[in-house]
Amino acid sequence: KFVPFFTREQAPLMEKVIPAPPTLSDPLFFNDWTQYQWGVSQRNTERGKLAVSDARISATYFMKRFSPAVGIELTPATHPEMFRLFRRLHLTEQEAGYSAKMYFRRVRPYQQYHEPSGVPSHERQTDFTSYPSGHTHSAWLIGLTLASIDPEHTEDIMKIAYDIGQSRVIVGFHYQSDVDMGRIVGSVTFARVSAEPEFQKQLEKARKEYAKYKTAEK
């Protein structure tokens, strides 16, 4: 059984870290609106198809998605310790992001505009948890962790982490400000989880496994 590295009660209160989301009358909301329009324009493109794929995040999906960045295929079979690490980090993100989502209770773009999203099967009319973006939070947290395992590919890793966040804008599940703050809270969660001995232990296992696999590949 997989468990998070810290509990909801131990998690930082992200609503004390990030500002409230912009209201509809806030000048900052104009950027959210224009980015929403940009997202809609991308849906019938290859980038739009990738955004739909990014909606189905999981530890296994993260391994597949980040594989091009590090130049090797990452799978639960080839890298079981990394899979355990990513699985527990994904659960940790859910604990870390819960408080702020419940505090702000922001509607999602598809709810606000009464328009279909790019992933209609995921739509819930009473799911007011847009801020901050959990997918972005998780992707950024995983990206920072993977970059600490393979610093040589930091730029490529974090570009993918960035793109996963933008995918949420494209499918209309998050405003740009949701995604921007998702990256902030992802960084906060990475700092917080780095203080956990269990995380450090699992990170070291994944790091050794990764180094051994890369050596064997040469």
To the nearest 10 degrees, the tilt of helix 29-42 (Cα long axis) against the first principal axis of the alpha carbons of the chain is 70
Taking protein heavy atoms only, a 1.4 Å probe, and rounding to whole percent, the accessible area of region 82-196 owed to carbon and sulfur comes out at 55
Helix 176-193: inclination vs the chain longest Cα principal axis, degrees, rounded to 10, gives 30
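Give the relative contact order (percent, whole number) for the chain; include only Cα pairs under 8 Å separated by 6+ residues.
Numbers: 320 pairs, mean separation 67.8, N = 218.
Relative contact order for the chain comes out at 31 percent.
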When the charge dipole of the chain is computed with +1 at the Cβ of Lys and Arg and -1 at the Cβ of Asp and Glu, the Cα pointing farthest to the positive end, of P109, P132, L203, is that of L203
Computed over the chain: longest principal axis from alpha-carbon atoms vs helix 197-217 long axis, angle to nearest 10 degrees, is 70
Kirkwood-based Rg/Rh on the Cα set of region 167-218 evaluates to 1.22
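For the chain, what is the accessible area per residue in Å², given a 1.4 Å probe and the full set of protein chains?
48
Where nothing but the Cβ of Lys and Arg (+1) and of Asp and Glu (-1) is charged, how large is the charge dipole of the chain around its Cα centre, in debye to the nearest 20? Walk me through the intermediate numbers first.
Values: 28 positive and 25 negative charges, 104 e Å.
About 500 debye.
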Looking only at lysines whose Cα falls under 23 Å of K64's and that sit 8 or more positions away or on another chain, we get K1, K49, K159, K205, K208, K212, K214, K218
If the label point sits 7 Å along Cα→Cβ of A195, residues of region 12-46 with amide N under 18 Å come out as 12-18
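The values are calculated or read from the model by the stated rules, or taken from the named source; none is laboratory data. No experiment lies behind these values; they were computed from the predicted model shown. A quick note on method: Cβ atoms are made from the backbone with ideal geometry, for glycine too, and the neighbour counts reach across all protein chains shown. Note: accessible area is taken over every heavy atom of the protein model, side chains too, but ligands, DNA and RNA are not part of it. Shrake-Rupley method; radii C 1.70, N 1.55, O 1.52, S 1.80 Å.
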